[in-house]
Amino acid sequence: MAAYAADPLADFSRWLRGDALEIVMVVTGSMLLARFVRWFADEVATRNDAEAEDGPSLVRSEDSKHRRAIAQVFTWSLIVLIYVLATVSVVENLGISLSAVVPAATVAGVAVGFGAQRVVQDLLAGFFLVAERQYGFGDLVRISVVGVSTPVLGTVESVSLRITTLRTVTGEVVITPNGQIVQVTNLSRDWARAVVDVPVPISVDVNRVTHVLREAGEAAFEDPALHELMLDAPSVMGVESIEMDQFKVRVVARTLPGKQFEVGRLLRVRITRSLRAAGINLQAEVASTGEPTGSAE
């Protein structure tokens, strides 16, 4: 900053026309640039989503989800860099020497570092989360968090180096620091499995039930609405459990990632109709789960 002149008003006027104007331009420019980065990232994401919807696949590819996650992380990092550089420029225009600030900043950084360990942990966890492709935008995941007994099930809406944002089936938005995540169950990786346990009265012949369920599975696989969701015809695994008045027969179907719940609901309808048509009454509701399985990368 220029040395003060004899007239304070003239000096202040000169500062307003010089350094102060440059500070305003730097702050305004950094805000506009950050907005442009966000706008550009949203445009790229929208185009990527449109291409995914126009493609032949019913679900997002792993590469598409990873590209979306990388774009989100890159956008977040670039905006942080813009604001850091703008802050440095403002400090210089205020006449504060960076060489004098560095020692104080070092001491403050050490002090803050002890309190910011969790933030650093979140950033490192987020880096490995994205680099290892654990999950990405649009994945259906179940996340276990430190100190929370009930895992959170939802669809990934955004991933950054520090946080992961999920939207649950009830519409709630759950924001979780990446460093607090202890386990992730990805229900949208490669393929999934719909599991239907059918409770049958103990007096019914097992072979007859198995035959009816196998025919119901083959008919479901031939249905165009279900055929494009399943990878192969459902398999009857056999008796899963035996109780006093009933036994349960398990039916398993491999599905596209994230489609196991929809397939499970449709299979229950077909199984119930087939058993009733064969004169077999169910003891209770047909249980269905969608356990995530598949090849790990």
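Bear in mind that the values in this text are calculations on the coordinates, not laboratory data. These numbers come from a predicted model, not from an experiment. Every residue, glycine among them, receives a Cβ derived from its backbone with ideal geometry; neighbour counts consider all protein chains shown.
The value of relative contact order for region 192-289, using C-alpha pairs under 8 Å at least six residues apart, is 44 percent.
Once the chain from LEU282 to THR170 is taken as fully extended at 0.36 nm per residue, the excess over their C-alpha distance is 37.3 nm. Computed 3J(HN,Hα) for region 125-130, one whole-Hz value per residue from the Karplus formula 6.51 cos²θ - 1.76 cosθ + 1.60 where θ = phi - 60°, is 5, x, 4, 5, 4, 6, glycine and proline marked x.
Computed from point charges on the beta carbon alone (+1 for Lys and Arg, -1 for Asp and Glu), the dipole magnitude for region 192-289 about its Cα centre is near 100 Debye.
Near VAL249, the amide H atoms lying under 5 Å from its own belong to VAL198, VAL200, GLU240; only residues 5 or more places off or on other chains count, and H is placed 1.01 Å from N.
If we count every other residue with Cβ under 15 angstrom of VAL80's Cβ, Lys/Arg +1 and Asp/Glu -1, where does the sum land? All intermediate terms of the calculation are to be shown ahead of the outcome.
On the way: positive: ARG35, ARG38, ARG162; negative: ASP122.
Net of charged neighbours comes to +2.
Once a ≥ b ≥ c are taken as the square roots of the eigenvalues of the Cα gyration tensor of region 192-289, is the result rounded (a/c under 1.5), prolate (a/b larger than b/c) or oblate (a/b not larger than b/c)? Judged from the Cα gyration tensor, region 192-289 comes out prolate (a/c at least 1.5, a/b above b/c). Electrostatic tally near GLU218: other residues with Cβ closer than 13 Å to its Cβ, Lys and Arg +1, Asp and Glu -1, net -2. Close amide H pairs (under 5 Å, H built 1.01 Å from N) link ASP139 with VAL156, residues at least 5 positions away or on another chain.
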